[in-house]
1. For the chain, set up a GNM with springs between Cα atoms under 10 Å and report which of Met123, Met36, Met145 has the largest fluctuation.
2. Report the calculated FRET efficiency for Ile31 and Glu153 (r = Cβ-Cβ distance, R0 = 30 Å), to the nearest 0.05.
3. Let me check the size of the chain from its C-alpha atoms; what are the radius of gyration and Dmax in Å?
4. Name the most mobile residue of Ser80, Ser146, Ser63, meaning the one with the largest mean-square fluctuation, in a Gaussian network model of the chain with Cα contacts below 10 Å.
5. What length, rounded to one decimal in nm, is gained on full extension from Trp4 through to Arg22, with 0.36 nm per residue of separation minus their alpha-carbon distance?
6. Using only Cα atoms, tell me the angle between helix 3-12 and the longest principal axis of the chain; keep it within 0 to 90° and round to the nearest 10.
7. Does anyone have the angle between helix 135-144 and the longest principal axis of the chain? Alpha-carbon axes, 0 to 90°, nearest 10?
Amino acid sequence: MREWFYCLIETKGNFYINVGIRNNRTFVQPIFSISMKKEDVEILKELRNAIGVGEIRIGKNASLIVRGIKNLERILEKISEEKFITSKKRDFLLWKEAVEIVRDYKHLSKEGFLRICEIRDMMNLRKKRKNYKDKEFFEKLLDKMSIRFEDEEKRKKISSSLRVTYSIG
């Protein structure tokens with residue numbers, strides 16, 4: 001990837017992991033985004049074309065947003081951790097670990113979900129929102145609720161069926 005791409009990630013990029021509980025099940029969604037002024041949307045379009053994935057949203061700012069494991073793996077193929085020079089490298093490496101956990105369906109276990117919560121707590125240390133829920137919050141919540149986690153055998157079956165259905169890997 002070009003040097004300017006890394007400059008954009010270092011200054012305008014965000015590696016994020018959305019986690020929560022819906023309908024008595026946990027969910028994990030790693031996200032990569034770059035936000036810029038609306039006037040710079042053409043740069044985001046060029047970037048999207050270069051990486052081949054992502055959607056551009058225009059609101060107050062223009063954003064390139066990449067979700068979904070298959071798409072995020074394309075990002076991982078394009079990014080080299082050695083090119084980072086700021087603390088963004090730490091966030092990238094943590095985010096990459098979370099993407100790999102989701103890719104391997106380990107997030108469907110309690111341990112995997114809590115590991116992702118832990119990773120998320122270590123990322124973007126200065127930017128926590130007021131309503132941010134940390135690993136400790138989810139640990140306590142999981143102890144109180146009867147959240148259904150898949151056992152190892154079922155995760156393997158889910159993994160196999162998704163790989164066939166969606167031609168992953």
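The numbers here are math on the coordinates, done by the rules we state, and not lab data. What you see is a predicted model, and the numbers here were worked out from it, not measured in a lab. Methodologically, a virtual Cβ is constructed for each residue, glycine included, from the backbone with ideal geometry; neighbour enumeration extends over all protein chains shown.
1. Met145
2. Details: r = 30 Å, r/R0 = 0.99.
Plugging the Cβ-Cβ distance into 1/(1 + (r/R0)^6) gives 0.50.
3. 17.0, 50
4. Looking only at Ser80, Ser146, Ser63, the biggest GNM fluctuation is shown by Ser146.
5. The Trp4-Arg22 span can extend by a further 2.6 nm.
6. It works out to around 60 degrees.
7. Helix 135-144 sits roughly 30 degrees off the main axis of the chain.
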